[in-house]
Amino acid sequence: MGMTWALISFQSEMGNTVRHIVPEDDLREHDLIPDCWCEPTLDEENWTAVHNSADNREAFETGKRKPS
């Protein structure tokens, strides 16, 4: 299982550049909307949503969990 992230950018209907940072090869597909099942962290000033992973890779990246 990969532990990489993807940056997906697109133009909104209002002409703003919207960015979603999503985990690649996660256990569940993500919707590129603020109401995704993973409850992404939203930066409304920069039009960016950082999604949370289903495989808990953030715990490894922050050192809260060590590989077994």
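Throughout, read-outs are computed from the coordinates displayed, never taken from laboratory work. All values derive from a computational prediction rather than experimental measurement. Methodologically, a virtual Cβ is constructed for each residue, glycine included, from the backbone with ideal geometry; neighbour enumeration extends over all protein chains shown.
With all projection directions averaged, the alpha carbon convex hull of the chain covers 5.0 nm².
Over the chain, what is the mean sequence separation of C-alpha contacts under 8 Å (at least six apart), divided by residue count, expressed as relative contact order in percent? Mind dumping the intermediate values first?
Working: 97 pairs, mean separation 17.6, N = 68.
Answer for the chain is 26 percent.
With charges only on Cβ, +1 for K and R and -1 for D and E, what is the dipole size of segment 1-54 about its Cα centre, in debye, rounded to 20?
Value, rounded to 20: 120 debye.
Here's how it looks for Ser53: its modeled amide H is under 5 Å from those of Glu58, which are all 5 or more places away or on a different chain. Taking amide H as placed 1.01 Å from N in the peptide plane, Glu24 has its amide H under 5 Å from the amide H of Thr4, Trp5, Ala6, each at least 5 places away in sequence or on another chain.
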